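In what follows, a single structure is set out as structure tokens and then discussed.
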Amino acid sequence: DTEVTQTPKHLVMGMTNKKSLKCEQHMGHRAMYWYKQKAKKPPELMFVYSYEKLSINESVPSRFSPECPNSSLLNLHLHALQPEDSALYLCASSPSGPHAIGDSPLHFGNGTRLTVT
Amino acid sequence: TQLLEQSPQFLSIQEGENLTVYCNSSSVFSSLQWYRQEPGEGPVLLVTVVTGGEVKKLKRLTFQFGDARKDSSLHITAAQPGDTGLYLCAGAHNTGNQFYFGTGTSLTVIP
């Protein structure tokens, strides 16, 4: 079992829908991440939060909107997505804050499989 | 920009065979991690290497960090079907809070 919990596990949505992906960790980690992953490809970084502040936005389209309500929760709000946005969305956390991640590992959830119709 | 290239991209072998996966970069990293991702799950950390030339062993898996900290290798001895998955290397620098993932190696071990 992973210590990073993502819900829902699967999501099918139309291009006009609004939905949210949720991620939760209770390990006291101070950095949280959203990644997008296509089949058999590496995860692509979308957003990084450090100490609940957005520190990295990898030029992600505005139809993806992240939110970090507190140090344990991370949301990804989805609106007006395109079929090419269908992918596995992974949340991860790591112990360190905004500097010197060093050998601090990423702890991943099992992802949300998103299909946009 | 993809900073870490892995080879091979795909590998299908028989149970009991040995294999090596390579992770190469032109950049120096302060640490490098290897992850394995099984279908339907998120990546799971296998090992972290931080010292140039470092060798770490995890049962049948041997990891090496290059002397210049630009490359790494993963060697699996006597592969088993349970080793099947996507293997990812990821490099990190001393500053910043971002990991740079390699291009990935999809391994299938046939019983």
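Below are the figures for this structure:
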{"quantity": "Subset of the stretch B:44-84 (residues that are within 29 Å of A:Trp34 (Cα to Cα), open to solvent by less than 70 Å² (accessible area, probe 1.4 Å), more than 10 Å from chain A (Cβ to nearest Cβ) and touching a Gly at 6+ places or on another chain (Cβ under 9 Å))", "calculated": "B:Phe65, B:Ser72, B:Ser73"}
{"quantity": "Of all residues making up the stretch B:90-111, the number that are surrounded by 20 or more Cβ atoms within 10 Å (Cβ to Cβ), closer than 21 Å to A:Ser94 by Cβ and polar (S, T, N, Q)", "calculated": "1"}
{"quantity": "Residue check for A:Ser59: within 14 Å of chain B (Cβ to nearest Cβ), in contact with a Lys or Arg (Cβ under 7 Å, 6 or more places away or on another chain) and either over 25 Å from B:Arg36 (Cβ atoms) or charged (D, E, K, R) (or both)", "calculated": "no"}
{"quantity": "Options A:Lys40, A:Lys22; residue that is under 30 Å from B:Arg69 (Cα atoms) and among the basic types (Lys, Arg)", "calculated": "A:Lys40"}
{"quantity": "Residue check for B:Tyr87: open to solvent by 10 Å² or more (accessible area, probe 1.4 Å), modelled with pLDDT of 95 or more and out of contact with any His (no Cβ under 7 Å at 6 or more places or on another chain)", "calculated": "no"}
{"quantity": "Check on A:Leu81, outside any loop (DSSP other than H, G, I, E, B), closer than 16 Å to A:Ser20 by Cα and more than 14 Å from chain B (Cβ to nearest Cβ)", "calculated": "no"}
{"quantity": "Which numbered condition B:Ser26 misses (of (1) among the hydroxyl-bearing types (Ser, Thr, Tyr); (2) at pLDDT below 95; (3) within 22 Å of A:Tyr35 (Cβ to Cβ))", "calculated": "(3)"}
{"quantity": "Selection from the stretch B:4-43 of residues that are at the interface with chain A (Cβ under 10 Å from one of its Cβ atoms), in a strand (DSSP E or B) and surrounded by fewer than 18 Cβ atoms within 10 Å (Cβ to Cβ)", "calculated": "B:Phe10"}
{"quantity": "Check on A:Ala31, within 13 Å of chain B (Cβ to nearest Cβ) and more than 14 Å from A:Ala92 (Cα to Cα)", "calculated": "no"}
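Results for (1) open to solvent by 10 Å² or more (accessible area, probe 1.4 Å); (2) basic (Lys, Arg), shown as yes or no for each residue.
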{"position": "A:Tyr35", "(1), (2)": "no, no"}
{"position": "A:Lys41", "(1), (2)": "yes, yes"}
{"position": "A:Glu52", "(1), (2)": "yes, no"}
{"position": "A:Ser59", "(1), (2)": "yes, no"}
{"position": "A:Arg63", "(1), (2)": "yes, yes"}
{"position": "A:Ser72", "(1), (2)": "yes, no"}
{"position": "A:Asn75", "(1), (2)": "yes, no"}
{"position": "A:Pro83", "(1), (2)": "yes, no"}
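The values are calculated or read from the model by the stated rules, or taken from the named source; none is laboratory data. From a predicted model like this one, the values you see are computed outputs, not experimental measurements. Ideal geometry is used to build each Cβ from the backbone, glycine not excepted, and the neighbour counts take in all protein chains shown. Only protein heavy atoms, including side chains, enter the accessible area calculation; ligands, DNA and RNA are left aside. Shrake-Rupley method; radii C 1.70, N 1.55, O 1.52, S 1.80 Å.
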